């Protein structure tokens, strides 16, 4: 089978399309023919080993000293089950699924084997593969943090980085939960964020949200680019500060800056869960959330896709369409 292989850390050119052995499922695994996968900011950071200095050594140990331990990148996919192991109870051949592999990666390929109890579920029936694959990363991350923030109806929620994969997901989910949503993004993305349901949209290139006189119940920094002092200033006394990419150093700074305001801070990473995919499938089929796709590349264009994500200007999800020898479905 064809797969993207990361031969070493570096620029997008270190990615190669190679023929590798097609995996064989174990008795409790399913073999999935992948029709769509993605390139996320996380994928490009790992490929280029772009981590904070304080994370350098533990990241090298975890990810690989000279090159990635998991040579096939990609952490989400959508496709069709080709083989179900003999002990698999939840799925059968022909099921159309979407999934997140987390730190096991391996999704930028024509096929993948995953355990039936991993983060995999039947895809939304009203979404094609390219749309469905936009759900497992951005929406599961946004759902995790908003739940941790105990989001409630009628709360004022500010989403910083509202046009990215996590941001576009967070805007939609916050509206679904009944919040009054303010999105912060660049000039080019104001219309997009407004179309996703944001009640107010602030152009960070022209206006500082912390100087608008509004206080928020929840501030969710989805990209790690907001000023800590500005967020603390704009939170209510017992507000919640969510940070999707906080390092230990950033977390310590946030906690120090919030002394006296009794702010709740939530950072760190998450392990994607199948129950979250099932929940998102239900509300997607109800028309409450939609995929936001920026660009779609072929598997052979993986380096070009990484280079585009590296610009830092992607909107929503960058999808990789995986074509097989026979014609691929949508």
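The values are calculated or read from the model by the stated rules, or taken from the named source; none is laboratory data. As the structure is a prediction and not an experimental result, all values here were calculated from the model. Cβ placement follows ideal geometry from the backbone for every residue including glycine, while neighbour counts extend to all protein chains displayed.
Looking across segment 61-105 at every residue that is on the phi < 0 side of the Ramachandran plot and part of a helix (DSSP H, G or I), the one that is modelled with the highest pLDDT is identified as 104. Of the residues making up segment 106-124, those that are assigned to a loop (DSSP other than H, G, I, E, B) and surrounded by 22 or more Cβ atoms within 10 Å (Cβ to Cβ) are 106, 107, 108, 119, 123, 124. Comparison of 283, 202 shows that the only residue that is under 29 Å from residue 131 (Cα atoms) and assigned by TED's automatic domain parsing to the domain that holds residue 129 is 283.
Of the residues in segment 282-293, none is out of contact with any helix residue (DSSP H, G or I) (no Cβ under 7 Å at 6 or more places or on another chain), assigned to a strand (DSSP E or B) and more than 20 Å from residue 102 (Cα to Cα). Within segment 91-105, can one find any residue that is in the same structural domain as residue 284 (by TED's automatic domain parsing), closer than 22 Å to residue 245 by Cα and touching a helix residue (DSSP H, G or I) at 6+ places or on another chain (Cβ under 6 Å)? The answer is no, given that none of the residues of segment 91-105 is in the same structural domain as residue 284 (by TED's automatic domain parsing), closer than 22 Å to residue 245 by Cα and touching a helix residue (DSSP H, G or I) at 6+ places or on another chain (Cβ under 6 Å). Can residue 276 be described as in a helix (DSSP H, G or I) and either at pLDDT below 90 or surrounded by 20 or more Cβ atoms within 10 Å (Cβ to Cβ) (or both)? Answer is yes for this residue.
Checked against the criterion of being under 19 Å from residue 306 (Cα atoms), more than 21 Å from the chain's Cα centre (by Cα) and part of a strand (DSSP E or B), segment 18-36 has at least one qualifying residue.
Identification of strands (runs of 3 or more DSSP E) wholly contained in segment 175-258 with 1 or more residues that are under 21 Å from the mean Cα position of the chain (by Cα) and under 24 Å from residue 316 (Cβ atoms) yields 180-185, 216-221, 235-243. Return a yes/no flag: does segment 137-156 have any residue that is part of a strand (DSSP E or B), over 18 Å from the mean Cα position of the chain (by Cα), closer than 30 Å to residue 235 by Cα and not assigned by TED's automatic domain parsing to the domain that holds residue 61. Yes, that holds for at least one residue. Only one of the numbered conditions (1) at pLDDT 95 or above; (2) within 19 Å of residue 75 (Cβ to Cβ); (3) surrounded by fewer than 18 Cβ atoms within 10 Å (Cβ to Cβ) is violated by residue 271, and that is (1).
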